[in-house]
Amino acid sequence: MGKLITSRYLKTWKSLLDLDIQDEFSEVEQIRLEPHSFTFYTSVSVMSSSKIEGEQLEVDSFVKHKLLQIEYLPELTEKPNDLYNAYLFAQDYPLTYANFLEAHKLISAHLLPERLRGTLRKTEMLVMEHKTGRIQYEAAPLGLIEKEFEAFWTEIDELLQEPMPVEEVFYYASFIHLVFVNIHPFSDGNGRLARLLEKWFLAEKLGRSAWFIQSEKYYYKNVNTYYKNLARLGIYYEGLDYEKSIPFLLMLQEALIFEK
């Protein structure tokens, strides 16, 4: 069986890059590592990711909520605050399978009953586009989830131990995001968790400055393209065509420059 997180498209991906990832990430590393900086960038990341999933509160309002303790109705802040707690957890703990399950428990505190938090789903799953309500694709069949997710984490563990240049870290972070979304292993919270996982992997490989990359905001500002590129691979999990993954894999690097 071939790898889920494959290097097969790395050469093509590199040939299509339109910026120097090393240079652009060096600018991110110049951001001062101060508590209020982490609060600001984490708030923007969290609310942007939440907006992709249909949450109503505006990004600026959530930033005020976290930085200035502005109060809003609980139904507007509960789920974003759960995701915020998961980001804080990820910033303090290494990326491991056990810690990832803990992050899902945090994310799903107001999404799922307790028995479904941090556990793989027990039902088949159709993935819907939140904006239109249309079916995007069928996630990994129930009978494959455990095997696929175990293989997925084995590959992540290997990548975490493997030295690689900065640009390849971006390639693999994007691929991890894509494969996780396609497996869709949990009953809910998969989209939020996929974007956190991508960022967590970046931070493990590149250091804490990676938390300042505004990938979630870039995806939110380009949400139609985000969904379109996810959908390019096909409808059925076992027939996904990763040859068509390049447009999605090229999105993460753009987060380095989209507001410059």
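Every read-out reported here was derived from the displayed coordinates using simple, explicitly stated rules and does not represent laboratory data. If you're wondering where the values come from, they're calculated on a predicted model, not measured in any experiment. Every residue, glycine among them, receives a Cβ derived from its backbone with ideal geometry; neighbour counts consider all protein chains shown.
Computed values, structure above
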read-out	value
For segment 194-258: rounded, prolate or oblate by the Cα gyration tensor [a/c cutoff 1.5]	prolate
Sparse-neighbourhood loop sites, trypsin sites (Lys or Arg not before Pro) in segment 14-105 - DSSP loop, at most 11 other Cβ within 10 angstrom	R32
Calculated from backbone phi, Karplus (6.51, -1.76, 1.60) coupling profile of segment 65-82 in Hz, x at Gly/Pro	4, 7, 7, 10, 6, 5, 8, 10, 4, x, 5, 8, 10, 4, 5, x, 5, 4
Vicinal HN-Hα couplings computed from phi for segment 219-232 (Karplus, 6.51 cos²θ - 1.76 cosθ + 1.60; Hz; Gly/Pro x)	4, 5, 5, 10, 5, 5, 5, 4, 5, 4, 5, 5, 7, 4
DSSP-loop chymotrypsin sites (Phe, Trp or Tyr not before Pro) across segment 159-188, with at most 13 other Cβ within 10 angstrom	none
The chain: equivalent-ellipsoid semi-axes (sqrt of 5 x gyration tensor eigenvalues, Cα, Å)	25, 23, 18
Vicinal HN-Hα couplings computed from phi for segment 7-13 (Karplus, 6.51 cos²θ - 1.76 cosθ + 1.60; Hz; Gly/Pro x)	8, 4, 9, 4, 4, 5, 4
Overall Cα dimensions of segment 122-204, principal axis frame, Å, largest first	39, 29, 15
Paired Rg and Dmax values of segment 55-139, which use every Cα atom, in angstrom	15.1, 42
Charge sum, other residues only, whose C-beta stays under 12 Å from H65's C-beta, Lys/Arg counted +1 and Asp/Glu -1	-2
Furthest towards positive pole of dipole, P247, A90, T154, structure part the chain, Cβ charges	P247
Tail weight of P(r) past 14 Å, computed on alpha-carbon pairs of segment 120-168, percent	66 percent
Sequence-distant residues sharing a close amide H with Q136 (under 5 Å, placed H)	V127, M128, E129
Value of [θ]222 nm, deg cm²/dmol, for the chain, DSSP H segments ≥ 4, -39500 (n - 2.57) each, nearest 500	-17500 deg cm²/dmol
Distance from segment 1-65 to segment 202-237 (C-alpha centre basis), Å	7 Å
Of the GluC sites (Glu not before Pro) in segment 25-69, those whose Cβ has at most 16 other Cβ within 10 Å and which sit in DSSP loop	E29, E58
